[in-house]
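Coordinate-derived values only; no laboratory data. Just so we're clear, the structure is a prediction, and the values are computed from it rather than from any experiment.
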Amino acid sequence: MITFLENLKDLTSIFIFISSIIYHRQLKLTKWKRKLSKGEMTMYVITSLAIPIYGITYFVLLLGT
């Protein structure tokens with residue numbers, strides 16, 4: 001049961017990562033068309049930082065196991 005829950009957690013993390021990449025792309029396209037609002041700009045900056053950090057840490061953890 002614990003193994004299943006750990007696999008489910010990993011799967012949801014990947015889904016969140018993919019959806020944040022898609023959302024970041026959508027914000028980038030919107031930025032080209034118009035000026036982003038404060039909330040959109042905040043999400044743009046957060047996803048710009050979080051995506052590479054998550055990718056690097058996931059890769060390091062993958063190499064560590």
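Structural remarks
- Extension reserve of the residue 20-residue 56 stretch, reckoned as 0.36 nm per residue once the Cα distance is removed: 11.4 nm
- Using alpha-carbon coordinates, inclination of helix 2-33 to the longest axis of the chain, degrees: 10
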